[in-house]
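What follows draws every value from the coordinates through simple rules; no lab data is involved. This one's a predicted model, so the numbers in the text were calculated from it and none came from an experiment. Cβ coordinates were reconstructed from backbone atoms using ideal geometry, including for glycine residues, and neighbour counts include every protein chain displayed.
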């Protein structure tokens, strides 16, 4: 990695160490927090020194680079440095202590990351607590370091930073007649950075609002819920203003209301229920720790957050009303928008993907809870046959097995797995007859994952081409369709089950991706259950489309893009991260488009970076594409609203997003043209992204994607409102 990249990463790590205290990676917020930390110059220097020590150790010793850049290893040391720098007189001795305690705090952080990480839990600010308590207790024996009195001369420090104007601003804010509770709220915010004045709290509140409207709202909800509970139980409300412990309520609210838990009306409700517990924990721990001359600092926040998160992990079933954040976006809004979009797009993709076990178009003659045999414990199953245009299953009179279109047709593995059970040697029935003694006839059971098996029955005797224990790939030929068992006419019986035996109780399980025929056209269905009468087929891959959207790690995409009079040559690279997520990276705009492709479906999962970049247009144009070409096929999807909207509109949506969405963004792609079905050399697809406010269309972006045998040749994009646009062409 280049020296420039290392310097850039280290700088990001320093900035994020400040904002990470509020679970953020927002640079503007970080700058505001740096300013607040330097209201006391020596405290600010001590905090910065602590970050440099911890992040230097993290980079130098080879710890997780991503965590280091996010500030995860620096923010606890920052807090210890701020507290230590504020307490003691400046001098060489102070910075020696800060240096040593920063090293200790760093290794406590690493250790707790390993211990709590095994349970999927964050270490929060526990390392800070250990570090600051060690400094406080050992400080009684510091003979050469004096206790600081700089808190008495705050205005002098401010004058050194910003001159008389900053001093005047500080005094003006502090002299305002705030509502007492609001003043304590600001003091509590400032106290997080060891700044016990209103101005610090106001600046942090502004930064919090810039970073996240949800976090800002939660900070108010959490603090004032606790404040009201103090009044209800008659506790000494003045302790909030002179102990500065109100930040426990603010941090707990942000952590559980929108950072570790997806923001929703239910997370807000739980904040109201949990904050009184935090109050009780705060009051009781203050008495215990007071006997040792120690402050509890953020201990109540750490205890309640860890207890609640661990309790959520012990649930037997995921609950969408109160869901943990599994892909951390470092913003409550992004967590919510990503979760909502993923739930709508991929909720059912929690299922192991299972395809139809045949080629071509087959008709469902009996679906789940069928009319004849799919009853009781075996109600979740399908019977498939092949029909002609007149809905007949056979040619001629249909008196012979070979008259039936499906008889002898190849049956495929619906997914990869191991052959667990085979039943063979059952003769085919004459038409109209059934074998009630060998009900399932010749059958195969495949294990796909733990507690997930498929069964294919009524196969032709002697046609099974696999052996018990053999591993099979998805789409591998297993046997051919027959008429054995309880089968009056040739058909395929297909079911999913939880146990490896022929005839096991069925599971209510969907088919991952398939085509549903409607007249002369097709509809793509994802994770649905075919119904009786449906004509269905697997997606028939078109090699031209498949190649065009098959992005391989290490591949580079070179394009020349035109926008008005501007021309730009750009290069993108396809990569994978440490979690094996594939993405396209644009170094010029520092943007990332994450995608998934299973061979039949390509879809983009997320975009991170500059929304004015050409990569973002590419992301929108090919948001979801399947590799089979079906004339006039339309595929629809939804985008996260924060990727389609901005400014005041999104700002307002952020505030009420946990309760209601008035913004929507929809995607649609249409298969427009293929020059030759047998040997295609050119295909044209058209897509559109449309934005809606309160159901009314506000904006759209149209795209035309041209593909040839070398891949994607051109993408044209047009603003649907003013028809201005541009294009990107492949650069050979």
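Assorted remarks:
- Between segment 603-624 and segment 523-566, the Cα center-to-center distance that results, in Å: 15 Å
- Anisotropy class of segment 457-584 from Cα gyration tensor, a/c 1.5 cut: prolate
- Ranked 654, 520, 430, criterion: other C-beta atoms within 10 Å, fewest first: 520, 430, 654
- Using C-alpha pairs below 8 Å separated by at least 6 residues, the relative contact order for the chain is 8 percent.
- By definition, a body whose alpha carbon gyration tensor gives a ≥ b ≥ c is oblate when a/c is 1.5 or more and a/b is not larger than b/c, and segment 175-298 fits this oblate description.
- Over the residues of the chain, the helix contribution to mean residue ellipticity at 222 nm works out to -12000 deg cm²/dmol, using -39500 (n - 2.57) for each DSSP H run of at least 4.
- Global geometry of segment 605-718, whether rounded, prolate or oblate, following the gyration tensor of its Cα atoms and the 1.5 cut on a/c: prolate
- When peptides 466-477, 210-221 are sorted by average Cβ neighbour count within 10 Å, with the highest value leading, the order is 210-221, 466-477.
- Separation of alpha-carbon centers, segment 332-396 and segment 580-600, rounded to whole Å: 30 Å
- Segment 653-725 and segment 249-300 have Cα centres lying 46 Å from one another.
- Length gained on full extension, residue 319 to residue 27: 101.8 nm, using 0.36 nm per residue less the C-alpha separation.
- Rounded to two decimals, the Cα-based Rg/Rh of segment 382-453, with Kirkwood Rh, is 1.03.
- Peptides 672-685, 637-650, 245-258 ranked from most to least packed, by the mean per-residue count of other Cβ atoms within 10 Å: 245-258, 637-650, 672-685.
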